[in-house]
């Protein structure tokens with residue numbers, strides 16, 4: 001399997017703090033079945049800009065250490081890019097790193113509590129440049145938990161979604177867990193990722209979360225989101241197959257405050 005979202009590069013963001021910690025995280029992900037990890041440190045516009053050169057250099061250091069440690073895992077470069085209005089311009093100026101450094105897919109993160117007004121414009125600008133936006137862990141965004149219909153609209157416009165598979169174990173709260181299940185059942189998940197920042201407390205944490213994915217959608221869909229789709233990303237190719245997106249067997253309820261909230265099965 002291929003993990004397209006993690007923070008294993010030591011010292012670059014709020015993830016791993018040392019090479020020792022990085023190796024421990026890599027070992028845990030390997031035991032869960034991952035053979036390729038795309039390292040995606042946070043890149044933010046407003047503070048301590050992290051350059052592609054720094055990411056590439058640190059990725060190579062990790063790759064060598066992983067090989068010397070005898071862990072049969074491939075380490076590839078990428079980045080998780082916090083959305084801002086000039087994101088597409090930064091890509092054009094070669095200031096941002098795409099997934100696997102293939103120049104085709106860009107991992108984009110929204111703020112946790114809202115959907116910025118310029119979000120769709122940024123997606124469009126990226127697509128005009130021939131890039132496919134991959135939205136990181138949308139199930140964690142409060143705006144999407146409250147209004148998941150945005151996911152349908154974006155998916156129909158070609159936006160892809162990466163699910164943190166540990167959301168299915170309640171790691172980020174019940175709202176995220178519910179939306180994660182809705183997305184899986186509705187075929188609105190294109191990739192899965194660990195979003196690993198540090199050593200997991202339990203050796204079976206990743207494996208149990210992956211098993212939950214399989215329980216919901218079956219083995220073939222797991223292969224699609226954990227192997228086939230990420231392989232297309234690394235090859236710089238489009239995902240296979242046409243998709244029609246609809247929410248699966250859901251209905252709405254109202255909160256006590258009168259606002260529409262979660263889609264439910």
- Query: residue 214 is checked against (1) surrounded by 14 or more Cβ atoms within 10 Å (Cβ to Cβ); (2) assigned to a loop (DSSP other than H, G, I, E, B); (3) free of Cβ contacts under 8 Å to residues at least 60 places away in the same chain and fails just one. What number does that condition carry?
  - Reply: (2)
- Task: Select from the stretch 122-139 the residues that are under 12 Å from residue 88 (Cα atoms) and either touching a strand residue (DSSP E or B) at 6+ places or on another chain (Cβ under 7 Å) or assigned to a helix (DSSP H, G or I) (or both) and list them in ascending order.
- Result: 122, 123, 124, 125, 126, 127, 128, 131, 132, 133
- Item | Checklist (1) without any contact (Cβ under 8 Å) to a residue 40 or more places away in the chain; (2) closer than 19 Å to residue 102 by Cα applied to residue 54, failing item | (1)
- Query: Going through the stretch 189-223 one residue at a time, which ones are under 26 Å from residue 156 (Cβ atoms) and out of contact with any helix residue (DSSP H, G or I) (no Cβ under 9 Å at 6 or more places or on another chain)?
  - Reply: 218, 220, 223
- Item | Qualifying residues in the stretch 33-46 (those that are surrounded by fewer than 21 Cβ atoms within 10 Å (Cβ to Cβ) and modelled with pLDDT of 95 or more) - the one farthest from residue 57 (Cα to Cα) | 33
- Query: Got a sec? Which of 194, 200 is at pLDDT 95 or above and either surrounded by fewer than 22 Cβ atoms within 10 Å (Cβ to Cβ) or under 20 Å from the mean Cα position of the chain (by Cα) (or both)?
  - Reply: 194
- Item | So residue 98, is it within 21 Å of residue 229 (Cα to Cα) and surrounded by fewer than 21 Cβ atoms within 10 Å (Cβ to Cβ) | no
- Note on the structure: Only one of (1) surrounded by fewer than 22 Cβ atoms within 10 Å (Cβ to Cβ); (2) touching a residue at least 24 places away in the same chain (Cβ under 8 Å) does not apply to residue 173, and that is (2)
- Go over the candidates 188, 160, 152 one by one and state the one that is surrounded by fewer than 23 Cβ atoms within 10 Å (Cβ to Cβ) and in contact with a strand residue (DSSP E or B) (Cβ under 7 Å, 6 or more places away or on another chain). 160
- Task: Output the number of residues of the stretch 76-95 satisfying the condition of being over 11 Å from residue 39 (Cβ atoms) and surrounded by 23 or more Cβ atoms within 10 Å (Cβ to Cβ).
- Result: 2
- Those residues of the stretch 4-21 which are touching a helix residue (DSSP H, G or I) at 6+ places or on another chain (Cβ under 6 Å), over 8 Å from residue 197 (Cα atoms) and surrounded by 23 or more Cβ atoms within 10 Å (Cβ to Cβ) amount to 4, 9
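The values are calculated or read from the model by the stated rules, or taken from the named source; none is laboratory data. None of these values were measured; they are calculated from a predicted model. When we count neighbours, we look across all protein chains shown, and the Cβ atoms used for this are built from the backbone with ideal geometry, even at glycine.
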